[in-house]
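A short worksheet on the structure shown next.
What follows draws every value from the coordinates through simple rules; no lab data is involved. Worth saying up front: this structure is predicted, and the values here are computed from it rather than measured. Cβ atoms come from the backbone with ideal geometry, glycine included; neighbour counts cover every protein chain shown.
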Amino acid sequence: MDKKQIALMAVDALKAEYPDAICSLVYTDPLQLLIATRLAAQCTDARVNIVTPALFERFKTAQDFADSTPEEVAEYIKSCGLYKTKSKDIVAMAKMLCEDFDGIVPDNIDDLIKLPGIGRKTANLVCGDIFGKPAVVVDTHCIRITKRLGLHNLKDQKKIEFALRDLLPPKESNDFCHRLVLHGRAVCTARNAKCESCCMDGFCPKNI
DNA sequence: ATCCCGAGGG
DNA sequence: CCCTCTGGAT
């Protein structure tokens, strides 16, 4: 089996296992998803969802964040970890949104990654979930599972994104990545992967 | 001790 | 490529 075949089998298997390719971050507008995704760095989505209700009640627009300080934002997000860089990034990002983008979250990767603290993973997630564009969201689960599946043997996040883009149908890639997250939490975990109950056990080479 | 839907800098 | 940033959960 070549990589493309395995990729397509993985797409089908996960689609059957997780019909709803949902994002577990809670948000009601593009800015909230952008910020929640930034907060999710080295932190569980469950933890992010605990802090965001109060955060988004206090700050409703990019201007609200831009008018605040990293110190105030930090009070709301501290339990998510990496709080100094995250809070500094969020305020700087909001300022750039207001100054260069009329306070509106841009709809393309090139503009999104200009924002402080926004990298390819977050930019792809927003492009896929908010703007319905083909996206390859390369996070810790995506990297681990696609490597175990033998779809690549790379370390660089951007190289993995482009390698997967070549293997996945554009219309499927975004949902596929969401399903990788669900699967990574429940079955193909970092430690003690539950291969015996995995829907891809039949064709996974298990390159751990 | 290790991992959690990362990003930026060296 | 590598490292660092960080609290919470297991």
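Hey, what angle do you get for helix A:83-100 against the long axis of chain A, alpha-carbon based, 0 to 90 degrees rounded to 10?
70 degrees
For the range A:61-129 and the range A:157-171, write down the distance between their C-alpha centroids in whole Å.
25 Å
Any idea what angle helix A:3-17 forms with the longest principal axis of chain A, computed on alpha-carbon atoms, 0 to 90 degrees, nearest 10?
Computed tilt is about 70 degrees.
Fewest first, what order do A:Val11, A:Val73 take by the number of other Cβ atoms within 10 Å?
Working: A:Val11 18, A:Val73 23.
Final ranking by Cβ density, sparse to dense: A:Val11, A:Val73.
With contacts defined as alpha carbon pairs under 8 Å and 6 or more residues apart, what's the relative contact order of the range A:30-129 in percent? Before the final figure, lay out each step's value.
On the way: 113 pairs, mean separation 28.7, N = 100.
The normalised contact order for the range A:30-129 reaches 29 percent.
Between A:Ala54 and A:Phe101, what is the FRET efficiency for a Förster distance of 30 Å, r being their Cβ-Cβ separation, to the nearest 0.05?
Calculated transfer efficiency: 0.70.
Hey, any idea what Rg/Rh is for chain A, computing Rh the Kirkwood way over Cα pairs?
1.00
For the pair A:Gln42 and A:Cys195, how long in nm is the line joining their label points, each one 7 Å along Cα→Cβ?
In this crude label model, A:Gln42 to A:Cys195 measures out at 3.1 nm.
Tell me, what HN-Hα J-couplings in whole Hz come from the Karplus equation 6.51 cos²θ - 1.76 cosθ + 1.60 at θ = phi - 60° for each residue of the range A:63-72, using x for Gly and Pro?
5, 4, 5, 5, 7, 8, 10, x, 5, 5
What are the ³J(HN,Hα) values, in whole Hz, obtained from phi via the Karplus relation 6.51 cos²θ - 1.76 cosθ + 1.60 with θ = phi - 60°, for each residue of the range A:166-180 in sequence order, with x given for Gly and Pro?
So the J values, rounded to whole Hz, are 6, 9, 10, x, x, 6, 9, 4, 5, 4, 4, 5, 4, 5, 4.
Determine ³J(HN,Hα), in whole Hz, for all residues of the range A:122-136 in sequence, where each value follows from phi through the Karplus function 6.51 cos²θ - 1.76 cosθ + 1.60 and θ = phi - 60°; x replaces Gly and Pro.
Working through the residues one at a time gives 5, 4, 5, 4, 5, 4, x, 7, 8, 9, x, 8, x, 9, 10 Hz.
What is the pair-distance distribution P(r) of the range A:30-129, computed from all Cα-Cα distances in 5 Å bins starting at 0, with each bin given as a whole percent?
Result returned by the calculation: 2, 15, 27, 28, 20, 8, 1.
Given a cut-off of under 8 Å on Cα pairs at least six residues apart, what relative contact order in percent is computed for the range A:6-57?
After rounding, I find 28 percent.
Please sort by residue number the trypsin sites (Lys or Arg not before Pro) in the range A:137-169 whose DSSP state is loop and whose Cβ has at most 11 other Cβ atoms within 10 Å.
A:Lys155
Given Cα pairs under 8 Å that are at least 6 residues apart, what percent is the relative contact order of the range A:52-202?
Computed over the range A:52-202, the figure is 14 percent.
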